[in-house]
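Single-structure report; data block below.
The values are calculated or read from the model by the stated rules, or taken from the named source; none is laboratory data. Please read all numbers here as calculations on a predicted model, not as lab measurements. Neighbour counts run over all protein chains shown; Cβ positions are idealised from the backbone, glycine included. Protein only, heavy atoms only, side chains kept; ligands, DNA and RNA dropped before computing areas. Shrake-Rupley method; radii C 1.70, N 1.55, O 1.52, S 1.80 Å.
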Amino acid sequence: MCGIVGYVGKRQAQPVLVNCLKRLEYRGYDSCGIALLGKNLEIYKDAMRIESLEKSLRPNSSHTGIGHTRWATHGKPSQKNAHPHTDCTGKIAVVHNGVIENFLQLREQLTKEGHVFSSDTDTEVIPHLIEKYYQGNLEQAVSRAIVDITGSYAFVAMHVDWRGLVVARNESPLILGIGDKEFIVASDVPAVLDYTDRVIYLEDGDIGVITENALKCTSNGKQVERAEHRIPWSMEEAQKAGHEHFMIKEIHEQPRVIRNTYKGYISALEPVVNLGISKNADISDILIIACGTSYYASLVGKHVIQSLSQIPVRVEIASEFNYSDTVLGKTWVIAVTQSGETADSLRALKKAKESGCRTLVITNVVGSTATRIADETLYITAGPEICVAATKSFIAQLTMLYLLALAWSSAGVRSRASLITELRQLPNKVQELLDREEQITEQAKYLARYENAFFVGRGINFPIALEGALKLKEISYIHAEGYPAGELKHGPFALLTPETPVVALTARDNTYDTLLANIKEIKARESPVIAVAQEGDDEIEKYVDFLIRVPRVEPVFSPVVNAVALQLLAYYTARERGCPIDTPRNLAKSVTVE
Ligand code: AGP
């Protein structure tokens, strides 16, 4: 995710802005820039790192400026797309976090009115709108501009004829650090901690006007006071937003990640998902290729795409596909890769392309190698994932695969409408589960005592059993295997003892009764059972040792809540065992070798 900073105060702005941007580096970025206020704006941008931006800076005594680290969402990482963005006159500069959903319409309208755009970003419409409405008062121009904008934003604007900064926020975080005769604006607490521990959190709809000595905050045209808070965190704690590890921070970001991923693709007027990707009539089937966690997300995708669209779907592990004679006819090949850089997936994508297949990549990283190979790209907007173990990118991949299935669904309007309504409720359901995460700590303490575990599920939840086992093994170092619940009796039963706990995933679909029967078989072999079950399922309580309750959802969406429950279980188990959760041994975030 992008980072924004702004400074007004007694110090020279340039070194403060550079330092604040460095404090946001941990979030990941692909380009950066700063603008300093003077008679004219002095703007520096770099398509790479803050260090190289720093080397290009000339001495500047300005006391006001803005800065940005960009994580590309619209337009590839490049100098031209890096922030700050300006208007036609070059007098206004803006840095922005979030997504302007109606930027295409705004851009078209502004172009007709004579505005000339020089980047591919959604952000650039903001300085042009401010220019359009500017009549000598930046605050008023910003207030008017945001009326035209739909979407999420936190932005900072400045104008050469206006001393100070104007900030606005809607659905993207924005804070103000308060120093002695100085203010530091930022998207995140770590940016300001070198200068102050006093902060104000702006709220949705707030507009702030900041000068060296004063701050004025308005909401709906009325002046408002926002409470000041003291931040007791060290820099490292602040980077994790107070969480002990990046993994748990990222798990907690998932409600927002789901929303960000579907936002913009679901029509507000009718039950329609439009991804801008057409389902070609002459496509015979779909092959999804992926590795690791992305492979498990793809297996869920296979279930939903097949059942909603009736298109045959196969999923192959990319590294296996590369050595297989898989028949590719009029097959549409979809690569699912969070990083877009996984060597096995890239090779598989190239192989599919060379075979003449139409290719699509679902990825989190704009401009990644996979996006340059594939014909088409869909972005999951999970934001940078720092923990090696994938969590929020997995949930975002699932969300995108649901969208794909809904976009091509042959289901009737009513059932599509109800699925879309359910999808929109998922962020709240996941939040409900996260709000009760303590329920999992007891089970985690219990699981942490063992060295082997099985995870079982059926149907659409079998891939979640695989993913749950992978999460547990990679961060807690407990040997764990994911199995279809019906397969245990074909061999693994030999391993079931009181020393082998089994985690069973349930869903209220056609697999429920047989899964219950499987749990009874497992209990007969004296293995302890931890079941993940929906609220209101009283039946299961009689047969298991521990229960993890998840909110009720339509069975098709049960993989989402079940997966989040297993992420928490893996996290708290690894924490109990004192493992280095964010950086497990022998693993890398991006696997760039075959
Ligand atoms: C899981 O927690 C891992 N990080 C790993 O399995 C990962 O999903 C795999 O390496 C594929 O990565 P990709 O999505 O970036 O291609």
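Details
- Taking a ≥ b ≥ c as the square roots of the eigenvalues of the alpha-carbon gyration tensor, region 235-432 is classed oblate because a/c is 1.5 or more while a/b is no larger than b/c.
- Amide H to amide H, with H built 1.01 Å from N, Ile288 comes under 5 Å of Arg314, Val315, Glu316, Ile334, counting only residues 5 or more places away or on other chains.
- Asp122 long-range amide H proximity, modeled H, under 5 Å: His74
- For the chain, the residue among Leu516, Ile43, Ser152 whose Cα projects farthest onto the positive side of the dipole built from Cβ charges is Ile43.
- Cα gyration tensor shape of region 3-231, rounded if a/c is under 1.5, else prolate or oblate by comparing a/b with b/c: rounded
- The fraction of accessible area contributed by carbon and sulfur in the chain is 48 percent, rounded to a whole number (1.4 Å probe; ligands and nucleic acids excluded).
- Over the chain, Cα pairs under 8 Å with separation of 6+ residues give a relative contact order of 11 percent.
- In the chain, helices alone account for a calculated mean residue ellipticity at 222 nm of -10500 deg cm²/dmol, with every DSSP H run of four or more residues adding -39,500 (n - 2.57).
- Cβ-defined net charge surrounding Lys279, 13 Å radius [Lys, Arg +1; Asp, Glu -1]: -1
- Between Lys80 and Phe117, full extension at 0.36 nm per residue minus the direct alpha carbon distance yields a gain of 12.3 nm.
- Under 20 Å from a label point set 7 Å out along the Cα-to-Cβ vector of Met48, the amide N atoms of region 1-33 belong to 18-19, 21-33.
- For the set Thr391, Thr371, solvent exposure ranked by accessible area (probe 1.4 Å, protein chains only) runs largest to smallest as Thr371, Thr391.
- Dipole magnitude for region 438-520: about 120 debye, using +1 per Lys or Arg Cβ and -1 per Asp or Glu Cβ, origin at the Cα centre.
- Residues whose amide H lies under 5 Å from that of Phe455, counting only those 5 or more places away or on a different chain, are Glu481, Gly482, Tyr483, Val503; hydrogens are built 1.01 Å from N in the peptide plane.
- Options Val273, Ala343, Tyr296, ranked by Cα towards positive dipole end of region 235-432, top entry (Cβ charges): Val273
- Tensor-based shape of the chain (alpha-carbon gyration tensor, a/c under 1.5 rounded, otherwise prolate or oblate): prolate
- Estimated distance in nm for a label pair at Glu108 and Asp282, the labels positioned 7 Å out from Cα along Cα-to-Cβ: 3.0 nm
- Couplings for region 479-486, taken from phi via the Karplus curve 6.51 cos²θ - 1.76 cosθ + 1.60 with θ = phi - 60°, read 5, 9, 10, x, 9, x, 4, x Hz in order; Gly and Pro are left as x.
- Backbone geometry of region 355-363 corresponds, through the Karplus equation with coefficients 6.51, -1.76 and 1.60 at θ = phi - 60°, to 3J(HN,Hα) couplings of 7, x, 7, 6, 10, 9, 10, 10, 9 Hz, x marking Gly and Pro.
- Rounded accessible area of Ser267 (nearest 10 Å², 1.4 Å probe): 40 Å²
- Solvent-accessible area per residue, Å², over region 235-432 with all protein chains present [probe radius 1.4 Å]: 37 Å²
- Remark: region 235-432 carries a charge dipole of roughly 520 debye about the Cα centre, counting +1 on each Lys and Arg Cβ and -1 on each Asp and Glu Cβ.
- The Kirkwood hydrodynamic radius of region 473-549, based on inverse pair distances between different Cα atoms, is 13.0 Å.
- Ordered by 1.4 Å accessible area with all protein chains kept, Val544, Val94 run largest first as Val544, Val94.
- Among Leu423, Thr391, Val94 the positive-end extreme of the charge dipole of the chain (Cβ point charges): Val94
- Table column - 3J(HN,Hα) (Hz), region 41-52, Karplus curve with 6.51, -1.76, 1.60, x for Gly and Pro: 7, 10, 10, 10, 9, 9, 7, 10, 10, 5, 4, 6
- Overall, region 149-193 carries a charge dipole of about 80 debye about its Cα centre when +1 sits on the Cβ of Lys and Arg and -1 on the Cβ of Asp and Glu, all other atoms neutral.
- If R0 is 45 Å, the Cβ-Cβ spacing of Arg577 and Cys88 corresponds to a FRET efficiency of close to 0.15.
- Using a cutoff of 8 angstrom between alpha carbon atoms and counting only pairs six or more residues apart, the relative contact order for region 436-581 works out to 31 percent.
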